[in-house]
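Enquirer: Before I ask anything, here is the structure I am working with.
The values are calculated or read from the model by the stated rules, or taken from the named source; none is laboratory data. Note that this is a predicted model, so its numbers are computed, not measured. Positions of Cβ are backbone-derived with ideal geometry, glycine not excepted, and every protein chain shown enters the neighbour counts.
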Amino acid sequence: MKGIHRVKRPLCGGRTRYHYYAWRSGPRFWTCDDTPIDPAAPPRGFIAAWQKHFAEHQNPGHGTLHRLVHDWKKSQSFLTLSAAMRGDYARYADRILDKFGAKTSMHILEDPRMRRHIIKWRDAMAATPRAADLAVATLSRLYQFGYDQGVLTRNHAANIPALHKVNRAHIIWEPAEIEAFCQIAPDHLIRAIHFAALTGLSRADLITIPWWADKGDRLEWKRAKSRGQNWGDIIIPITAALRALMQGMPRYPGVGTILTNSRAQSWGIGFSASFNKARTRAGVNKRLHDLRGTAATHFIRAGLNDMDVAEIMGWKVAAVSAIRRRYVTRSEVISAAIHRLNKTQKEQKL
C-alpha cells in the first residue's frame with residue numbers, strides 16, 4: 001500500500017501511539033498503540049479503512065463536505081498559501097471531515113444549528129486553545145470558499161470568539177535557556193534560534209526570508225498575504241550581532257532562503273516540529289514565538305527607543321516598556337545611548 005504516511009507519537013508512561021494517514025497530509029484512517037502495523041501482514045480492517053478513504057478521495061461525492069474540501073485544496077486561494085499554512089489547513093480540514101462527516105451535504109452546512117455544533121466542537125478542544133482556534137479558522141475559510149463558489153450562502157464559523165487570548169509579549173528566552181538549546185540542537189537549528197532572537201521574526205517569516213532581503217543596514221522585503229496581496233514592508237535593523245551571525249551562515253547554491261534545514265534546503269512544513277523537539281530535549285518551557293521578546297531586548301540594548309522597537313515588532317509601546325523594565329538594566333540602556341551618540345557625532349564630523 002504505497003503512499004501511506006505513519007506518524008509515531010510518544011504517550012505518558014513510555015507507551016507509543018501510531019497514526020496512519022491515507023497519504024501525507026491526508027485523512028487519518030487508523031490508530032494503534034505500542035506495536036506498529038506490520039507492512040507485510042496488515043490486518044483486514046486496516047486495509048479496508050485505507051481503501052475506503054482512498055476511494056472517497058478519488059471520487060468525492062458531489063454536493064458534500066468532502067467535495068468542498070477537495071475543491072478548496074485544488075483552488076488558487078489554497079495553493080497560493082505558504083507551504084506551512086497549507087499543511088496546517090489540510091490537517092485541520094481532515095479533522096473537520098472526521099468530525100462532521102465526509103458525506104455531509106451543503107443543506108446541513110447551511111442549517112443555522114451548525115453554529116452551535118461548531119462551538120461545541122471548539123469547546124471540546126479547550127485544553128489546546130490554539131489548536132481549537134485554528135480548527136475553527138480552517139472551517140471558516142472552508143465556509144468562505146463555499147460562499148465564493150456559490151454553493152453556500154452563509155458562514156456559520158465566522159466571528160466565533162477565540163479561546164487563546166494569552167499575551168506573551170513580556171516573555172523572553174533567557175541567555176541560559178538559549179545556551180541549553182544550543183548544547184543539544186544541530187547546527188541548522190542553532191542558527192535558527194540565534195537568527196530569531198536577533199530579528200524577532202515570526203515562524204513563517206523566519207523560514208521564508210530570502211538572502212536578497214539584506215540591504216546592508218537592514219533586512220527589508222514584502223510578505224505576500226494568503227490571497228496574494230501585499231502584507232506591507234518588513235524592515236529589521238541589522239545590528240552588529242546580527243551581521244556577525246549572518247556572515248557565519250552558509251549559503252547553498254540554488255537555495256534562496258537564509259535559514260535551511262538539515263538537508264541544506266529551504267524549510268517546508270517540518271520547522272516547528274524540529275524546533276519543538278529540540279526545545280523539549282533542552283528542558284526549556286518556552287515557545288518559538290517568545291524569541292520575539294528576546295529580540296526586543298536586543299534592540300533596546302542596541303540603543304533603539306521604545307517607540308522604534310514597537311514599530312519594528314508591531315507591538316504597543318507599553319509592551320516594549322514593560323520588557324525594558326523587566327529585562328534590561330539601566331546601565332545597559334545608558335551605555336547603548338552613549339554609543340549611539342558617539343557614533344552620530346563621528347558621522348557629523350566626517
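Enquirer: Can you go through LEU288, LEU245 and tell me which one is farther than 14 Å from ALA204 by Cβ, assigned by TED's automatic domain parsing to the domain that holds ALA204 and of a type outside the set (Phe, Trp, Tyr)?
Expert: From the options LEU288, LEU245, the qualifying one is LEU245.
Enquirer: Which of the residues spanning the stretch 1-53 are among the basic types (Lys, Arg), over 23 Å from the mean Cα position of the chain (by Cα) and at pLDDT below 80?
Expert: Listed by number, the residues that qualify are LYS2, LYS52.
Enquirer: Tell me the helices (runs of 4 or more DSSP H) entirely within the stretch 149-221 that contain at least 1 residues that are surrounded by 13 or more Cβ atoms within 10 Å (Cβ to Cβ) and hydroxyl-bearing (Ser, Thr, Tyr).
Expert: The qualifying helices (runs of 4 or more DSSP H) are 187-199.
Enquirer: Quick test for you: out of ALA83, ALA48, ALA41, ALA102, pick the one residue that is in contact with a helix residue (DSSP H, G or I) (Cβ under 9 Å, 6 or more places away or on another chain) and at negative phi.
Expert: After applying the criteria, what remains is ALA102.
Enquirer: It is to be established whether one or more residues within the stretch 264-278 are without any contact (Cβ under 8 Å) to a residue 40 or more places away in the chain and closer than 28 Å to TYR327 by Cα.
Expert: Within the stretch 264-278, one or more residues are without any contact (Cβ under 8 Å) to a residue 40 or more places away in the chain and closer than 28 Å to TYR327 by Cα.
Enquirer: Please determine, by comparing only the residues of the stretch 225-257 that are at pLDDT below 95, loosely packed, with under 13 Cβ neighbours inside 10 Å and among the polar types (S, T, N, Q), which one is farthest from LEU81 (Cα to Cα).
Expert: Taking the candidates together, the pick is ASN230.
Enquirer: Does THR104 meet the test of being touching a strand residue (DSSP E or B) at 6+ places or on another chain (Cβ under 9 Å) and among the β-branched types (Val, Ile, Thr)?
Expert: yes
Enquirer: Considering only residues that are assigned to a loop (DSSP other than H, G, I, E, B) and of a type outside the set (Lys, Arg), look in the stretch 98-125 and name the one that is modelled with the lowest pLDDT.
Expert: ALA102
Enquirer: Considering only residues of the stretch 126-146 that are without any contact (Cβ under 8 Å) to a residue 24 or more places away in the chain and not in a helix (DSSP H, G or I), which is surrounded by the most Cβ atoms within 10 Å (Cβ to Cβ)?
Expert: THR128
Enquirer: I want to confirm something. Restricting to the stretch 54-97 and keeping residues that are in contact with a strand residue (DSSP E or B) (Cβ under 7 Å, 6 or more places away or on another chain) and not hydroxyl-bearing (Ser, Thr, Tyr), which single residue is modelled with the highest pLDDT?
Expert: Among residues in the stretch 54-97 that are in contact with a strand residue (DSSP E or B) (Cβ under 7 Å, 6 or more places away or on another chain) and not hydroxyl-bearing (Ser, Thr, Tyr), the one modelled with the highest pLDDT is ASP94.
Enquirer: Before we move on, is ALA295 in the same structural domain as ILE234 (by TED's automatic domain parsing) and within 18 Å of LEU198 (Cα to Cα)?
Expert: yes
Enquirer: Follow-up question, since we're still on this one. Looking at ARG281 and the list (1) exposed (fewer than 14 other Cβ atoms within 10 Å of the Cβ); (2) without any contact (Cβ under 8 Å) to a residue 12 or more places away in the chain, which single condition is not satisfied?
Expert: Among (1) exposed (fewer than 14 other Cβ atoms within 10 Å of the Cβ); (2) without any contact (Cβ under 8 Å) to a residue 12 or more places away in the chain, the lone unmet condition for ARG281 is (2).
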